[in-house]
Amino acid sequence: MKVVLKRHKDKEKFSFVFVEGGKTILKSQMYASKRNAMTGINAVMKNSPLDRRYERKQSKDGRWYFNLKAANGKVVGTSPFFKSEEEMEDTIKLLKEKAYNAPIEYVEE
């Protein structure tokens, strides 16, 4: 697992994704600065091992996804959609086990 911190040149904004095996498993909102994005990454790393921080949801069309929340209740990351609850839970397990010490790769768009 790794974190990709991306600088978006067109907007001078930053975002990050947690990636496992080339597949995005958690994405962030847009941030106005690299510092703020790093704060978001650190919040994911700190909160990912804690099951109570995961808000599991199901969309109207039956697909599953989750939000990872910080201690203050703010969403720090959102998953892509999953076809099954089991696939979602497997991804949560992966984040719990690996996100806390994932290396960070910085890229510019």
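For the reader, a short list of remarks on this structure follows.
- All of (1) of a type in the set (D, E, K, R); (2) more than 24 Å from Lys6 (Cβ to Cβ); (3) buried (at least 17 other Cβ atoms within 10 Å of the Cβ) hold for Lys69 with one exception: (2).
- Each residue in the stretch 40-55 was checked for being crowded, with 18+ Cβ neighbours inside 10 Å and either in contact with a Ser or Thr (Cβ under 6 Å, 6 or more places away or on another chain) or without any contact (Cβ under 8 Å) to a residue 40 or more places away in the chain (or both), and 5 pass.
- Of residues in the stretch 19-34 being surrounded by 15 or more Cβ atoms within 10 Å (Cβ to Cβ) and farther than 20 Å from Gly73 by Cβ, the one farthest from the chain's Cα centre (by Cα): Glu20
- Any chance Ala37 is surrounded by 15 or more Cβ atoms within 10 Å (Cβ to Cβ), on the phi < 0 side of the Ramachandran plot, touching a residue at least 24 places away in the same chain (Cβ under 8 Å) and small (Gly, Ala, Ser): yes
- Test: Val3 is of a type in the set (A, V, I, L, M), in contact with a Pro (Cβ under 8 Å, 6 or more places away or on another chain), surrounded by 12 or more Cβ atoms within 10 Å (Cβ to Cβ) and part of a strand (DSSP E or B): yes
- Listing of strands (runs of 3 or more DSSP E) fully contained in the stretch 12-95 that carry 1 or more residues being acidic (Asp, Glu) and farther than 30 Å from Glu108 by Cβ: 54-58
Rule-based calculations on the coordinates, nothing more; no lab input. For clarity, every value in this text was computed on a predicted model and none was experimentally measured. Every residue, glycine as well, gets a Cβ built from its backbone with ideal geometry; the counts of neighbours run over all protein chains shown.
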